[in-house]
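Enquirer: Have a look at the structure that comes next, please.
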Amino acid sequence: MMYLVIAVLCSVAVSVLLKILRQKNIDIRQTIVAGYPVAFLLTWFLLTPDVSSISTLGNAWGIILALGILLPTVFIILGRAIASVGMVATDAAQRLSLIIPIIAAFLLFGEVLTGTRVLGLVLGFLALGALVYRPKHSGGGENTSMSPPAARTPLWLFGVWAGYGIVDILFKQVAKQGTAFPLTLFVSFGVAGFLLLIYLLVTRVRWQGNALAAGLLLGALNMGNIYAYVRAHQVLSDSPSIVFTGMNVGVIAVATLIGVAVFKERLGRINVLGLLLAIGCVAVLFLA
């Protein structure tokens, strides 16, 4: 259980760090690019990928390149979503991304969609709708439309949901091709860090020392989350339900406590309903 607790805390800590960086107007792109060398090295020491088999990647390189682009992109979107709507709804949307591989399995890979999974998908979409809900403000007795930042809130949350869901699909497809997970993660981190660095250099970004320093912590937290989650599955190999449900529900619960108690994030009744629906979705999809 210790590994599961560490995985949950590291996952939520990433959101807390991104929220603080946004509040201080620090360039998250620089933090992300500085975090990848740390995650790259920690992957080497903790998961010991077999680099001698890199020549066997073959067709997986297309997927790895896609991961190299998506991994930093979804991190940036995650930061935008946290700044826009808060870490409570954002972390819940990230956890709900688990329904995307299920949809892909049904539409693309011919798996049977059971009644229980249909119920889980319905709960998931209802949860997303409730999480992104923001009432229109009124002024002077007349309803006014949402401001541009508020109007973009559903897009950022959708980006988090879709981005992490697609990344999950890509990792699973690489695994099906026989590529070891540690090696895939190792190479993907390297490609992601390299591509983002090239992008920042081409755009002639003005480097910030505090953003780069924060990247060291971000990389450690990101890899800590992945490593602890993998180890939790290994230690509790006979109880995958505990790991799956504990990770998803745990992140939603801890993020809610920190978001409301520390950052004073405000949740409407419909948003709270969305959180409950998200927990229900995770539980139902596990039973499917």
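Enquirer: Hey, any idea what Rg/Rh is for the chain, computing Rh the Kirkwood way over Cα pairs?
Expert: Taking Rg over the Kirkwood Rh, I get 0.97.
Enquirer: Can you give the convex hull volume per residue for the Cα atoms of segment 38-80, as a whole number of Å³?
Expert: Per residue, the Cα convex hull of segment 38-80 comes to 77 Å³.
Enquirer: Report in % the part of the accessible area of the chain that belongs to carbon and sulfur, leaving out ligands and nucleic acids; probe 1.4 Å.
Expert: Using a 1.4 Å probe with all protein chains present, the chain comes out at 67 percent carbon and sulfur.
Enquirer: Connecting C-alpha atoms closer than 10 Å in a GNM of the chain, tell me which of ARG206, ARG29, ARG231 has the biggest fluctuation.
Expert: Of the options given, ARG206 has the highest mean-square fluctuation.
Enquirer: Using a 1.4 Å probe, what is the accessible area per residue for the chain, in Å²?
Expert: Per residue, the chain has 49 Å² of solvent-accessible surface.
Enquirer: Report the gain in length on full extension from LEU217 to ILE270: 0.36 nm times residue separation, minus Cα-Cα distance, nm rounded to one decimal.
Expert: 15.6 nm
Enquirer: Starting from the 7 Å offset along Cα-to-Cβ, what nm value, one decimal, do you get for the label separation of SER55 and THR116?
Expert: So the label points at SER55 and THR116 sit 4.6 nm apart.
Enquirer: Given a 10 angstrom Cα cut-off, can you work out which residue in THR56, THR184, THR245 is the most mobile in a GNM of the chain?
Expert: In the Gaussian network model the winner is THR56.
Enquirer: Further, regarding this structure: Between the alpha-carbon centers of segment 36-76 and segment 188-229, tell me the distance in whole angstrom.
Expert: Segment 36-76 and segment 188-229 have Cα centres spaced 13 Å from each other.
Enquirer: Any number yet on Rg/Rh for segment 1-63, C-alpha, Kirkwood?
Expert: 1.10
Enquirer: Select from the chain the helices, each a whole stretch of DSSP H, whose alpha-carbon atoms run 18 Å or more along the helix axis and whose Kyte-Doolittle mean is at least 1.6; answer none if there are none.
Expert: 2-23, 60-85, 115-132, 181-202, 240-261, 269-287
Enquirer: Under 26 Å between C-alpha atoms is the cut-off here; go through the chain and count lysine pairs that meet it, provided they're at least eight residues apart or on different chains.
Expert: Here the count comes out as 4.
The values are calculated or read from the model by the stated rules, or taken from the named source; none is laboratory data. Predicted model only: the values in this text are computed from it and were never measured. Positions of Cβ are generated from backbone atoms using ideal geometry, with glycine treated the same way; all protein chains shown enter the neighbour counts. Note: accessible area is taken over every heavy atom of the protein model, side chains too, but ligands, DNA and RNA are not part of it. Shrake-Rupley method; radii C 1.70, N 1.55, O 1.52, S 1.80 Å.
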